[in-house]
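Scroll down for the structure; my scribbles are underneath it.
The values are calculated or read from the model by the stated rules, or taken from the named source; none is laboratory data. Source: prediction; values computed, not measured. For neighbour counting, all protein chains shown are included, and Cβ atoms are generated from backbone atoms with ideal geometry for every residue, glycine included. Accessible surface is based on the protein model in full, side chains and every heavy atom, while ligands, DNA and RNA are left aside. Shrake-Rupley method; radii C 1.70, N 1.55, O 1.52, S 1.80 Å.
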Amino acid sequence: MCGIVGYVGNGNGVQFLIDGLNSLEYRGYDSCGIAGINGEVKVLKTVGRIKNLEDLVPEDLELSIGIGHTRWATHGGVNTTNSHPHQSFNKRFTLVHNGVIENFQELKDRFFKNVNLVSETDTEVIVQLVELFSNEGLTTKEAFLKTISKLQGSYALCLIDSEDKNTIYVAKNKSPLLVGIGEDCNYVGSDALAMIKYTNKFFEINDKEIVTVTKNDVVIENKFGEIITRDTFTPDIKHGEIDKGVYPHYMIKEIDEQSSAMRNILSKYFEDKKISIDAEIVEKVKEADRIYIIGCGTSYNAGLVGRHYFEKWAKIPTEVHLASEFAYNVPLLSKKPMFIFLSQSGETADLRAVLTKMKEVDKDYKFLVLTNVSASTLSRECDYTLLLHAGVEIAVASTKAYTSQIAILSILAYEVATQIGRKMKFNLEKELAVVTSAIDSILDDKKTIKNIANKLFTERNAFYIGRGVDYYSACEASLKLKEVSYIQTEGFAGGELKHGTIALIEKNTPVVALITNTKLDLNTRSNISEVASRGANTLVITLEKLARENDYAIPNVHEDLAPIVSIVVTQLFAYYAATGRGLDVDKPRNLAKSVTVE
Ligand code: M6R
């Protein structure tokens, strides 16, 4: 959450700061601001989107050094005063911060007891401490280091000093941050997307390191002040990938990209008709007496489907947990656990908390992450990575990452099952190819799906129901609908409705049932009759072979893999329900794409 950028160089950094913030806006969009030195320090901030900030920037503004921030509020309301950059009392130091300073109240009480700080943020304490320590006679770097030594929590920081227009002081702990290498200039950004238009060469920064960035140099020091030599890396993304192209929104672009993501997965994970996954990963999963799949939001929902594969095909007991619960309420673990983390961004703080905690419990535990971002924090910190190869996902609502996660979990489970000696009665590569064509045919049917969405989602509430894996799809379908359309939606196990929730069914309440398992067809249809007879407006999404009149039929695919297909209809429902209400579907209220605070 929150995105930060920095520029120092021979040119004018204003355009970079604005472009960088536009690319990072998906991380938070409550307010934004930039600051830089041009003779004196200039600070421009505003509530709302980067567009508002652009309107504030004078055309002739030139900054050879500058920092910027787009905010997802954690401490203090959404207003200009709480927006970043924040300045020290004497205006000498200016700072942007992504993260949460857990001991900020303690620091405030200790160092600024009877002093009124300007904002309500945790961030301001940092910049005021730099000033305080600098007033004790420390250099800026020493004051910055001393300040950092007092901080508890997560931070990615860029600090500038009005008395030195050549240096940005940078540090991070738990929050992501990269340095980009330019010509006669250098950049800082929360992720590579922020800088990819300007450079494809990056330095990663590790927790607790401090980096001094000047136009011609990047000096990385560890917490003991030792200089670290590090190679640059080039991520697997291209500038064009982050454009919307002909699409009105990223969400629909990314929904549309799901069949090409599937084709990518087929080409990356199959070679000569065989599954191609690092043998050590397969070995570690095979050896496990229990798999723990951990994720948040949509990734958690993908994990629920993944469990089905590990248990049904490989017969390995598998649990799925929400990261935010697991970290502080660790279940009784088996003797030989294997942890599989699911995270599109690879940056989710709740997952990082689990990783830290589990490494403390046993340093020999092994962690695999399925992520879309190769240089992400989780990818660096886990033992093994399987990339989603879905292409950059920018819309806050995750779509193509979800279907890719399920596909890769199926490939891993299938390989493990085969190696364990389970007789698999179908060819996964072929079945995933059928899934890919099925997705294509749903994407070709957008007009019908839009019409259904417009007629169905007219009420304040809606329900998705299903049994077995369809229940997990119902959870994901409802998460998608609620986060972009603000319709109050729940995903329910079909049989559970009558144990309480059915009380919410009124005339016209939309209830959508997902039925992709022949054995559960009649059971779920009974649940649909129960709500229809109480006035609900019902729809069944099912496989062609099970379809009845007025159902929405999706092409027949292997039933275990059907969640990868049926969900696409519901993603389109969410998209059309939101755009039909005139909502900003790519940036729903209160949300951010990458949740880097716990
Ligand atoms: O990057 P991650 O997969 O770790 O993100 C997890 C959730 O924050 C994310 O899936 C969130 O629920 C999305 N907004 C869902 O569309």
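With the convex hull drawn over the C-alpha atoms of the range 3-238, the volume per residue is 111 Å³. Around Ala547, what is the net charge, scoring Lys/Arg as +1 and Asp/Glu as -1 over all other residues with Cβ under 15 Å from its Cβ? Net charge around Ala547: -4. Distance between the C-alpha centres of the range 383-403 and the range 479-551: 28 Å, rounded to the whole angstrom. Of Asn556, Ala474, Leu504, which is farthest on the positive side of the dipole of the range 446-586, counting Cα position, with +1 on Lys and Arg Cβ, -1 on Asp and Glu Cβ, and the Cα centre as origin? The residue sitting farthest along the positive end of the dipole is Leu504.
Partner lysines whose Cα lies under 19 Å from the Cα of Lys480, excluding those fewer than 8 positions away in the same chain, are identified as Lys253, Lys400, Lys446, Lys450, Lys455, Lys587, Lys593. Within the accessible area of the range 3-238, the carbon and sulfur atoms contribute 44%, probe 1.4 Å, all protein chains present. Can you compute log10 of I(q)/I(0) for the range 446-586 with the Debye formula, treating each Cα as one identical point scatterer, at q = 0.19 Å⁻¹? Normalising to I(0) and taking log10 leaves -1.07.
Cα centroid separation, the range 1-23 to the range 256-324: 37 Å.
Averaging 1/r over every pair of different alpha carbons in the range 416-528 and inverting the result gives a Kirkwood radius of 16.1 Å.
For the chain, the membrane-span-like helix rule (DSSP H, alpha carbon extent of at least 20 Å along the helix axis, mean Kyte-Doolittle at least -0.5) picks out 400-420, 428-443, 469-485, 563-580; this says nothing about an actual membrane. Accessible surface for the range 244-425, divided over its residues, is 38 Å² per residue with a 1.4 Å probe. Rolling a 1.4 Å probe over the protein heavy atoms of the range 475-583, with every protein chain left in place, gives an accessible area that is 47 percent carbon and sulfur. Over the range 244-425, the hull volume per residue, using the convex hull of the C-alpha atoms, is 112 Å³.
Note on the chain: the C-alpha convex hull projects to 28.0 nm² when averaged across all orientations.
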